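The values are calculated or read from the model by the stated rules, or taken from the named source; none is laboratory data. All figures in this text were calculated on a predicted structure; none of them were measured in a lab. Here the Cβ positions follow ideal geometry from the backbone for every residue, glycine too, while neighbour counts run over all protein chains shown. Please note that ligands, DNA and RNA were not included when accessible areas were found on the heavy atoms of the full protein model with its side chains. Shrake-Rupley method; radii C 1.70, N 1.55, O 1.52, S 1.80 Å.
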Amino acid sequence: MSTHGHFAEKFKDILLGRAFHMSLIIFVLLAFLYFSGGTSIILSILIQVAVFSIITMSLNLEAGYTGIPQFGRVAAVIAGAFAVGAIPGRIMAFFMSLPYGAEYASDTVNVKLVPQINAVLAGSWLLSLGFLLMCIVIAGAAGALVGWLISRPAIRLKEAYLGISMLAIGDFLMWVGHNWNIIVGGSVPVYVPDPFRIFGAARFNVIVPAFFLIAIIIFIYLNRLVKSPLGRNFRMLRDNELSASAAGLDIVKVRTQSLVIGACIAAIGGGLYVIYTGSVAAIGMTRLTFTFWPWAYMMLGAIGSNVGVFLGVFLLTILRTMIIIYRSQWFGFLQAAGIDPLWLEYTLLGAVIIIVILFLPYGLVPEKVRPMLPANRVKKVISQKQMQT
Amino acid sequence: MPPWMSSGLIYASGLALTAGSITLLYIATRTFNFAVASMATIGFYTVYTGVALYGGLPYQYFPLALLVGAITGVICYYGLNRPLLRRQAAEITLMMSTLGYDLVLLSLIQMYADFLTNTYKLFPRRVTMSLYDFELFGDRAAAFILPVIAIGILMILHIFLTKTKFGVAMRATIENPVLAGASGINSDRVYLVSWIISGGMAALGGAFMAMAMTGTPVMGMYTIPLMFAGAILGGLGSIYGGILGGFVIGLTEYAGVFLLSQKFGAWVLGYRMGIPLFIMAATLLIFPRGLSGIPLFKILKSLAGGSLGGEKRGVSA
């Protein structure tokens with residue numbers, strides 16, 4: 001078989017595949033939004049896609065590849081968001097001999113502090129880049145720590161018990177942040193120093209490629225991970241826990257690995273999110289935004305396929321944005337009755353989950369089940385053997 | 001009664017009903033019902049609408065709340081749960097499907113709150129239902145009435161499940177669906193009735209809880225971890241366990257917050273949710289399958305003489 005024929009076949013596969021059709025739809029919708037709304041809408045969609053595809057890919061690692069009912073995705077996201085809101089700014093304040101203790105997070109001080117830090121960051125691109133990297137490292141470390149802590153009690157539980165416990169932990173972390181003022185200001189949001197301040201008005205134009213670069217690095221890492229022996233362990237655990245343990249797999253260890261890696265990545269997503277918004281409001285870190293939406297993205301795209309996850313995030317983010325933009329044009333009848341059409345976002349979320357479960361159980365771009373050795377290669381090996389004999 | 005105790009009793013009665021609702025549905029259909037959150041909120045808004053628009057006491061609208069809750073349950077069963085049960089979907093899929101239903105209901109509740117605000121000039125986003133209550137023995141009447149209603153419902157359920165033919169058939173289906181089907185029980189109807197009962201219980205539970213806390217459209221969404229905590233504490237094995245678990249969770253929340261704030265100061269109030277969750281986590285760590293993992297519960301069950309999942313009995317209905 002020539003390599004040329006092989007590539008042509010692959011190309012044909014891609015053209016006929018669902019992933020390609022979905023990309024086309026996304027492209028058309030984006031073009032439509034661009035011509036009716038302009039660049040700023042496209043930029044905000046792209047940033048959200050980058051952040052949420054990171055979070056959803058981490059969810060996919062735990063729920064899709066390892067089979068853990070991760071209903072507490074928000075816990076790790078919170079860890080990253082709080083860490084970025086609390087720690088890097090304090091480090092900067094320490095070196096600038098500004099107050100960095102408990103008073104850093106108090107609303108009156110924080111408002112004056114962060115602009116000073118921003119001014120310093122805006123002066124040097126090296127410092128800005130270093131600050132961004134520091135944020136990512138701190139977020140990842142905090143996420144891994146929280147993931148490990150959650151995995152301690154969680155590994156003993158099964159299915160629904162596990163899901164509910166993780167959901168409760170996520171909610172509890174949100175309330176801790178909301179009440180404990182010295183982390184991220186409690187009920188008053190804390191500002192996050194902005195490593196993209198140096199670009200001024202073009203801030204968003206730079207954030208998009210930067211976040212996409214991070215998302216792509218994570219995408220490549222995860223794709224290599226799930227093909228590695230560790231990733232095979234994850235899938236083995238998902239497909240049959242009993243046979244996995246019979247094959248000598250340490251289930252507790254594998255589950256912990258999945259939870260820690262997933263939490264680390266989700267926390268990076270949370271950290272990037274607060275860098276983009278510029279502030280951390282604990283009460284905004286709800287399970288609706290950071291657990292249920294990622295679940296919907298993942299279920300629509302495909303459980304167990306990162307390409308599918310990416311397309312799912314893209315499609316749903318566009319639909320969400322369209323509801324917000326066209327609420328008065330499309331849903332004027334609701335507004336006439338005094339009802340805010342923004343609630344349709346919840347309806348969309350619920351409806352997507354229901355429709356996917358009822359009619360698209362494997363998502364739009366299902367995970368390809370690949371045998372260890374493809375059939376045509378098995379045939380080739382057999383024919384070679386026959387030729388030899 | 002000290003105020004924490006009366007509020008605690010009201011709240012705990014509501015939580016007991018919602019936890020019982022979750023447990024009943026889990027035993028009957030293996031479905032972890034997320035939609036209990038919105039069903040509870042719907043129950044509260046039914047009662048609130050009645051009181052605010054037509055006057056009277058909240059109690060007279062409780063049957064209506066039961067009815068509305070039952071209807072939401074029926075819709076969920078026919079639209080969502082039945083096709084999935086026929087497909088023998090996984091537990092997680094069943095759970096996710098009720099989450100989708102819950103979010104749709106939540107959006108409808110939010111729209112309804114907007115509608116009440118704009119059409120009737122009410123303030124449905126922060127409601128203090130206890131204002132509509134009357135006084136009994138120098139205390140809020142709800143503190144006496146609601147626990148009694150909760151216990152009454154528990155007794156009616158018990159009689160229904162042990163003394164009526166359909167109740168026995170229901171238990172048989174729950175114990176062994178295949179065998180029950182072979183002996184001629186219509187499992188479809190059993191599932192439907194469980195959805196009706198659990199929907200009604202959830203809505204009534206929400207109406208109860210609103211008598212102790214501030215009623216908001218996201219009331220159910222914020223308290224659903226506690227409802228689950230109650231159900232899990234009860235072990236998900238018997239309705240009685242679930243109801244008891246919910247009651248314990250609700251009462252310890254109020255008692256714990258009261259005692260801790262006396263000792264450490266008012267800042268504890270912000271972490272009130274942590275107390276029941278801590279109890280749940282501690283229970284799960286010691287008994288990974290909830291309180292019904294304790295032999296004591298089995299002893300109690302056999303003493304009570306035939307609860308759900310209790311002794312087996314030949315059934316022909």
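Average partner chain C-beta neighbours within 10 Å, per residue of A:334-342?
Values: counts 3, 1, 0, 5, 7, 9, 6, 2, 3.
Average neighbour count from other chains, rounded to a whole number: 4.
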- Message: At 222 nm, what value in deg cm²/dmol follows for chain A if DSSP H runs of at least 4 each add -39500 (n - 2.57) and the sum is divided by all its residues, to the nearest 500?
- Response: -24500 deg cm²/dmol
- Enclosed volume per residue, in Å³, of the convex hull spanned by Cα atoms of chain B: 138
- Whole-Hz Karplus ³J(HN,Hα) for region A:101-113, in order, using 6.51 cos²θ - 1.76 cosθ + 1.60 and θ = phi - 60°, x for Gly and Pro? x, 4, 6, 4, 8, 6, 4, 6, 7, 4, 4, 8, 5
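If you average the sequence gap of Cα pairs under 8 Å that are 6 or more apart and divide by the length of chain A, what percent do you get for the contact order? All intermediate terms of the calculation are to be shown ahead of the outcome.
Details: 560 pairs, mean separation 110.9, N = 389.
It comes to 28 percent, rounded to a whole number.
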- Item | Principal axes of the protein assembly as shown: Cα extent on each, largest first, Å | 80, 78, 52
- Task: Would you work out what percent of the accessible area of region A:59-177, with all protein chains in place, is carbon or sulfur (probe 1.4 Å)?
- Result: 75
- Note on the structure: So the carbon and sulfur contribution to the accessible area of region B:26-170, 1.4 Å probe, in percent, is 68
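One quarter of the convex hull surface, Cα atoms only: what value does that give for region A:235-362 in nm²?
Numbers: hull surface 42.4 nm².
Orientation-averaged projected area of the Cα hull: 10.6 nm².
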- Loop-resident trypsin sites (Lys or Arg not before Pro) in region A:299-386 with no more than 10 other Cβ atoms inside 10 Å, DSSP not H/G/I/E/B, are A:368
- Query: What residue among B:21, B:107, B:238 has the largest mean-square fluctuation in a Gaussian network model of chain B, using Cα springs under 10 Å?
  - Reply: B:107
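State in Å² the accessible area per residue of region A:1-154; use a 1.4 Å probe, count heavy atoms of protein chains only, and round to the nearest integer. Write down the numbers at each step before the final one.
On the way: 7070 Å² over 154 residues.
With the other protein chains kept in place, region A:1-154 gives 46 Å² per residue.
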- Message: Counting only helical runs of four or more DSSP H residues, what would the 222 nm mean residue ellipticity of chain B come to if each run contributes -39,500 (n - 2.57) and the total is spread over all its residues?
- Response: -23000 deg cm²/dmol
- Query: What accessible area, summed over both chains, is buried at the B-A interface (1.4 Å probe, Å², nearest 100)?
  - Reply: 4000
- If the chain between residue A:125 and residue A:112 were fully extended at 0.36 nm per residue, the gain over the current Cα-Cα distance would be 2.5 nm
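Under 8 Å for C-alpha pairs, at least 6 residues apart: give me the relative contact order for region B:3-286, rounded to a whole percent. List each step's numbers first, then the result.
Numbers: 463 pairs, mean separation 113.2, N = 284.
In percent, rounded to a whole number, it is 40.
Given a 1.4 angstrom probe, what's the average accessible area per residue across region B:3-286, in square angstrom? Write down the numbers at each step before the final one.
Values: 10320 Å² over 284 residues.
Per-residue value: 36 Å².
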- In chain B, lysine pairs closer than 22 Å at Cα, eight or more apart or cross-chain: 7
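Shielding by partners for A:356-367, please: the mean number of other protein chain Cβ atoms within 10 Å of each residue's Cβ.
On the way: counts 3, 11, 8, 1, 0, 5, 0, 0, 0, 0, 0, 0.
Counting other chains' Cβ atoms within 10 Å and averaging over A:356-367 gives 2.
Which of the residue pairs A:227/A:380; A:12/A:380; A:12/A:385 have a Cα-Cα distance greater than 27 Å in the structure shown? Walk me through the intermediate numbers first.
On the way: A:227/A:380 23 Å; A:12/A:380 22 Å; A:12/A:385 31 Å.
As for pairs spanning more than 27 Å Cα to Cα, those are A:12/A:385.
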- Which lysines have a Cα lying under 19 Å from the Cα of residue A:158, excluding residues fewer than 8 positions away in the same chain? A:253
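Go through B:174-184, A:73-83 and give me the packing order, highest mean Cβ count within 10 Å leading. Provide the component values of the computation, followed by the final result.
Numbers: B:174-184: 14.3, A:73-83: 31.2.
The packing order, highest mean first, is A:73-83, B:174-184.
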- Spatially proximal aspartates and glutamates relative to residue A:379 (Cα-Cα < 20 Å; intrachain offsets below 8 disregarded): A:9
- Task: With N denoting the number of residues in region B:122-280, provide Rg(C-alpha) divided by 2.2 N^0.38 Å, to two decimal places.
- Result: 1.24
- Message: Pairwise over distinct Cα atoms, reciprocal of the mean inverse distance: report the Kirkwood radius of chain A in Å, one decimal place.
- Response: 22.6
- Item | Other-chain or far-sequence residues with amide H under 5 Å of residue A:279's (modelled H) | A:192
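Across the residues of B:222-233, average count of Cβ atoms on other protein chains within 10 Å? Write down the numbers at each step before the final one.
Working: counts 3, 0, 5, 9, 2, 1, 7, 3, 0, 2, 6, 0.
Average per residue, whole number: 3.
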